[in-house]
Amino acid sequence: MFRTFLHLSIILLLVSCGPGKDQQTTPSFDNTTSGSTLQHGKQLFYSKCASCHMINKELTGPALKGVESRWPDTAKMYAFIRNSEAVIGSDKYARELWLQYNQTAMNKHPDLTDADIRAILDYIKSVSEK
């Protein structure tokens, strides 16, 4: 769970270094998120996150319900998701997470685009609200 959270933080770090060619502005969740986007987010969550994270319960890493509200900087959260190790050294919150979860870095997910991460976060939020 922490490794997934750490991955989210890594993603944020990469995003804070500037958008790549596959990156876009990170849209926020709203109630009009399409079913296909939520399905994509669900698919990504189970393939990239679920081995370490649950939405409403701690696992290897933290429960992901409310994850966006816990990160003071969205760009750092995205960078953390992509490469947690790159963020831990420069971000207080990322380091605290790393320490709290046995100094375990998340798996790296450099392949996730901003849209992919947004879909995962929208899926998490949709499940959290049920």
Requested in this report: Hey, can you tell me all the residues within the range 17-50 that are surrounded by 11 or more Cβ atoms within 10 Å (Cβ to Cβ), outside any helix (DSSP H, G or I) and modelled with pLDDT of 50 or more?
Outcome: T33, A50
Query raised in the report: Yes or no: I11 buried (at least 22 other Cβ atoms within 10 Å of the Cβ) and either modelled with pLDDT of 95 or more or part of a helix (DSSP H, G or I) (or both)?
Result: yes
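The values are calculated or read from the model by the stated rules, or taken from the named source; none is laboratory data. Model, not experiment: these values are computed from the prediction. Neighbour counts are summed over all protein chains in view; Cβ atoms, including those assigned to glycine, are modelled from backbone coordinates with ideal geometry.
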